[in-house]
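Report on the following structure.
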Protein chains: 2
Amino acid sequence: MNIYDISKQAGVSIATVSRVLNGSDKVSPSTREKVLQVIEQNSYTPNAFARSLGLNSMHTVGILCADSSDVYLASAIYYLERELRQNSYASMLCCTGYHLEEKKKYLQLLLSRNVDALFFAGSNFVEDTEKNNAYLFEAAGKVPVFILNGYLAGDRIYSVLCDDRLAVNEMTESLFRRGSHAPVYLYRSLSYSGRKKIAGFREACIKNGITDADKRIFASPVSVHETAAFLDALEKEGLSFDACVTSDDELAVGAVKFALSHGRRIPDEFQVTGYNNSLISTCSTPEITTVDNRVEFMCTTAVSLLMQALDGKNIPARTVFSGDIIQRETTNVF
Amino acid sequence: MNIYDISKQAGVSIATVSRVLNGSDKVSPSTREKVLQVIEQNSYTPNAFARSLGLNSMHTVGILCADSSDVYLASAIYYLERELRQNSYASMLCCTGYHLEEKKKYLQLLLSRNVDALFFAGSNFVEDTEKNNAYLFEAAGKVPVFILNGYLAGDRIYSVLCDDRLAVNEMTESLFRRGSHAPVYLYRSLSYSGRKKIAGFREACIKNGITDADKRIFASPVSVHETAAFLDALEKEGLSFDACVTSDDELAVGAVKFALSHGRRIPDEFQVTGYNNSLISTCSTPEITTVDNRVEFMCTTAVSLLMQALDGKNIPARTVFSGDIIQRETTNVF
DNA sequence: ATGAAAGCGCTAACAA
DNA sequence: TTGTTAGCGCTTTCAT
C-alpha cells in the first residue's frame, strides 16, 4: 500500500494525498476528509525511506557514548532522547567503548545512516591530540556535532559542559575547611573533564599548603572492591590521608568501603566526596557528598541548541555552567 | 556527490559502481580498483535513504524501554545495542515511560522510521488485558517483535525471559531455611514479571506455613528513602517482620537503610534480598544478596533469535531460562 | 563483465 | 484547490 493506492481509492492525485499527509492548508476540507478516511481504512503509513530521500533527512540524530550502562551516561542518554523525542526527532544510540578505533568505526555506522546531527555524550570523546580528534572534525564536516561534558574548538562543533575544574576545586577547598589536612584524589580516566577535575584538586591543594599534591593523585581501578583495595595498598605503602576526593560516585563508594572496613569513622576520621550526584551516591550508607553537574540541564540545553541551529540560528560554540555541591553524610558539617 | 558523479569520473556505469559498493564479484579487478580509487578520492559515501528505499530496510531496529536511566534497563539496552551493532544493525532508542498512551505514541515514532524489528525491554510492556496489548499485536503485524522479560502469545511476537517466579520462590525458600519466620515482600509494579515474582513469594510463604501471605506483600514507593520510610511505617502499624524480599535492588537498598537506621543487625536480625544483580547491589554496605536474571544472556539470545528470524529460520516464540541466586552479605549463610 | 533503464514511494515546483 | 511530473540516489533485472 503506497501513496498511489491511496490516491486511487480516494479519487485524487498523489500530490493531494501528500498534502494531506503533510498537513498542508491548501486542501479543501471535504477532500481532506475523504483522503484521511481512506488512509485510516487501510491503516496506511507513508514509507519513511522515500520520504527521507526527498527531504534528505529522517529527522533522526545519533547519540554516541562509551557505555550506556554507566549510570551517569545512562541518565544523559535518557534526557537527550526525551528532549529529542519531544522535538519529534528519533535517536540512534551507539556505544563505542573507550578505544579510539572503535569510536571511529561506530561513528561511521551512524554517519552511514545519514543522521541529522551527532551528540557525543561524555568527555572521553575529546582526545588529547589534534590528530586523534580528526574523526570529530570529519563528522562535523557532515552534520552539526555536540559534545557533552567535553570541549573542542572547531567548525560546527558545539560544546556544552559543566565547569568541572571549578567544582572539584571548591569541593576540595571545602574539605580543607572541614578539617582535612591530607586528601588524596582518585580518578578513572584522563578525559577532557578528567584532566580538568585533577587541575581543580591540585590547585586547591597547593593553595592550602600541600606540597606533594601530585603524589596524591591516582588513577584507580574501577570496580568498587578494587578501589577499596587500591586505597588499602596506598595506606600500606605508608601514604597517610584523611580524605578522598573522587572523579565519580562509584570510586567514592569504593572509598567508603575502604573506610568502613578499616574502622575509620566517616566523616570524623575520614571524608569522602563523589561526583555526578548519581543514584549510587544515595545507595551507599553513609550517603555520599557529591557534585551535581546538572546532566539534565546539560542535555536539555544541548538539544535546544540543536533545534535552534537547525532553525538556521547562530548558536554559541561553548556553553559552560557551574556545578553544585550536594552535602550528604561523608563530609563534616562546616 | 552521488553515484552518477562517481560513475562518470571512473568512466563506468552506475550499475558497476553499485556492484563495487555492494561487493559483487561480477566486476573485473581492474574496474573495481579504478572505481574504488575514485570513491576514495572523493570520500564518497552512498546515500542511506536512497539505498534504504531500494532495499526497503535501513538495517535498523527499534528498542523501547520505559526508562533508560533505570540501572537494569540501561544494562539491557547496552547489551542489545552491542549485539545488534555487531550484526551491523543500528539501534533506535525510545523511552516510553510507564503509561500506555505514551507507549503507543512512541511506538509510532519508531514504526514511522520503518525499523526492521522491535525490542521491548522490560515486562512493563505487557499489559493485563487483550485490548491493552493491541498495540503490540499491531506492531507485530509490521515487524517481528521481541519482548524481554515479559511474555505475550501472538504471531511474530517472541518472548525471552527469566523464570522470575521460580527465582523469587527459591530465594524466599532459602530465606526460610536461613531462619526467617516472617518475611515481607516489596514490589514496584504489577508488570508481567512483577506478578510472577509475587506468585513466587506467595507460594513459598504458603508452603512454609505463613497464613497471612497476602498481607505481607506491598507496593512500595520507589526512592530509597521512601522505601525505608515505608517499612518504618509498616513496623509502626504493628506488622512484625524479620526479612524483606524485594522485586529489585533499589528497593533492597531502601530495606537495608531501614534496618541500619533501626539498629537491626544484618543479616542476624534482619535479612534482605534484591533482584537484578545490578551495580547498586554491591554499592550498598552490607552488600545485597540478589538474583542474577542474566540480562546479558537474555539480550544476546534475543538478538541472535532476531538474526535467525531475518534469515528466514523458524524461531521459538518463548525462551525461558532460570535465574541465579547471588549470595552476599544481607542473608545468613546456610 | 558491463550498461541501460525501470523501479522504490515520496516531495515540491509548476501548470491548470 | 488540484493535478502532472520531474527529481531524490540507489538496486536490480535484462540485454549485450
Among the residues listed as B:ALA74, B:ALA90, the single one being at pLDDT 95 or above, more than 25 Å from A:GLU138 (Cα to Cα) and away from DNA strand D (no atom under 13 Å from the Cβ): B:ALA74
Count - residues of region A:86-108 that are farther than 23 Å from A:SER189 by Cβ, surrounded by fewer than 21 Cβ atoms within 10 Å (Cβ to Cβ) and facing chain B (nearest Cβ under 9 Å): 2
Test: residue in region A:4-19 that is outside any strand (DSSP E or B), modelled with pLDDT under 95 and of a type in the set (Phe, Trp, Tyr): yes
Failed item in (1) more than 16 Å from DNA strand C (Cβ to nearest atom); (2) free of Cβ contacts under 8 Å to residues at least 40 places away in the same chain, with A:VAL38 passing the rest: (1)
Filter result for A:SER112 (in the same structural domain as A:VAL143 (by TED's automatic domain parsing), within 28 Å of B:LEU55 (Cα to Cα) and within 16 Å of DNA strand D (Cβ to nearest atom)): yes
Close pairs (8 angstrom Cβ cut-off, 6 or more residues apart or separate chains): under 30 Å from A:ASP268 (Cα atoms) in region A:305-332, exposed (fewer than 13 other Cβ atoms within 10 Å of the Cβ) anywhere: A:GLN327/A:VAL333; A:ASN332/A:ASP268
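Quick grid of which residues meet (1) modelled with pLDDT under 95; (2) surrounded by fewer than 22 Cβ atoms within 10 Å (Cβ to Cβ); (3) out of contact with any strand residue (DSSP E or B) (no Cβ under 9 Å at 6 or more places or on another chain); (4) part of a helix (DSSP H, G or I):
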| residue | (1), (2), (3), (4) |
| --- | --- |
| A:GLY154 | no, yes, no, no |
| A:TYR158 | no, no, no, no |
| A:ASN169 | no, yes, yes, yes |
| A:THR172 | no, no, no, yes |
Those residues of region B:237-266 which are buried (at least 22 other Cβ atoms within 10 Å of the Cβ) and more than 14 Å from every other protein chain (Cβ to nearest Cβ), in sequence order: B:ALA243, B:CYS244, B:VAL245, B:SER247
Within region A:1-39, considering residues that are within 14 Å of chain B (Cβ to nearest Cβ) and within 18 Å of B:GLN108 (Cβ to Cβ), the one farthest from DNA strand D (Cβ to nearest atom): A:MET1
Qualifying residue in region A:210-222 (condition: within 14 Å of chain B (Cβ to nearest Cβ) and out of contact with any helix residue (DSSP H, G or I) (no Cβ under 6 Å at 6 or more places or on another chain)): yes
Some residue of region A:303-320 being more than 14 Å from chain B (Cβ to nearest Cβ) and of a type in the set (Lys, Arg): yes
One residue from B:SER112, B:SER18, B:SER123 being under 24 Å from A:GLU81 (Cα atoms) and touching a residue at least 12 places away in the same chain (Cβ under 8 Å): B:SER123
Residue identified as under 23 Å from the mean Cα position of the chain (by Cα), aliphatic (A, V, I, L, M) and more than 27 Å from B:PHE258 (Cα to Cα) among A:ALA233, A:ALA302, A:ALA229, A:ALA252: A:ALA302
Residue match in region B:58-80 (condition: more than 30 Å from A:SER69 (Cβ to Cβ), away from DNA strand C (no atom under 12 Å from the Cβ) and within 39 Å of the chain's Cα centre (by Cα)): no
Conditions (1) touching a residue at least 60 places away in the same chain (Cβ under 8 Å); (2) away from DNA strand D (no atom under 13 Å from the Cβ): number failed by B:SER52: (2)
Residue within region B:183-205 that is surrounded by fewer than 16 Cβ atoms within 10 Å (Cβ to Cβ) and over 30 Å from B:ILE147 (Cβ atoms) present: no
Qualifying residue in region A:43-55 (condition: among the β-branched types (Val, Ile, Thr) and either away from DNA strand C (no atom under 11 Å from the Cβ) or within 10 Å of chain B (Cβ to nearest Cβ) (or both)): yes
Selected residue (criterion: farthest from B:LEU55 (Cα to Cα)) from residues of region B:18-35 that are near DNA strand C (Cβ under 8 Å from one of its atoms) and not hydroxyl-bearing (Ser, Thr, Tyr): B:ARG32
Residue that is nearest to A:LEU80 (Cα to Cα), among those in region A:307-322 that are in a strand (DSSP E or B) and of a type outside the set (A, V, I, L, M, F, W, C): A:THR319
All positions within region B:174-192 that are assigned to a helix (DSSP H, G or I) and modelled with pLDDT of 95 or more: B:SER174, B:LEU175, B:PHE176, B:ARG177
Hits in region B:267-285 - residues which are within 13 Å of chain A (Cβ to nearest Cβ), not in a loop (DSSP other than H, G, I, E, B) and not hydroxyl-bearing (Ser, Thr, Tyr): B:VAL272, B:LEU279, B:ILE280, B:CYS283
Close pairs (6 angstrom Cβ cut-off, 6 or more residues apart or separate chains): without any contact (Cβ under 8 Å) to a residue 12 or more places away in the chain in region B:252-280, among the hydrophobic types (A, V, I, L, M, F, W, C) and surrounded by fewer than 24 Cβ atoms within 10 Å (Cβ to Cβ) anywhere: B:ARG264/B:PHE270
Residue within region B:120-133 that is in a helix (DSSP H, G or I), surrounded by fewer than 17 Cβ atoms within 10 Å (Cβ to Cβ) and assigned by TED's automatic domain parsing to the domain that holds B:ALA309 present: yes
Among (1) outside any strand (DSSP E or B); (2) of a type in the set (Val, Ile, Thr); (3) within 19 Å of A:GLU83 (Cβ to Cβ), the one test that A:VAL333 misses: (3)
Filter result for B:GLU296 (part of a helix (DSSP H, G or I), within 14 Å of chain A (Cβ to nearest Cβ) and not hydroxyl-bearing (Ser, Thr, Tyr)): yes
From the options B:ILE14, B:ILE6, residue that is closer than 24 Å to A:ASN56 by Cα, surrounded by 12 or more Cβ atoms within 10 Å (Cβ to Cβ) and near DNA strand C (Cβ under 7 Å from one of its atoms): B:ILE14
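The values are calculated or read from the model by the stated rules, or taken from the named source; none is laboratory data. In this text, all values refer to a predicted model and were calculated from it rather than measured experimentally. Please note: Cβ atoms are built from the backbone with ideal geometry, for glycine as well, and neighbour counts cover all protein chains shown.
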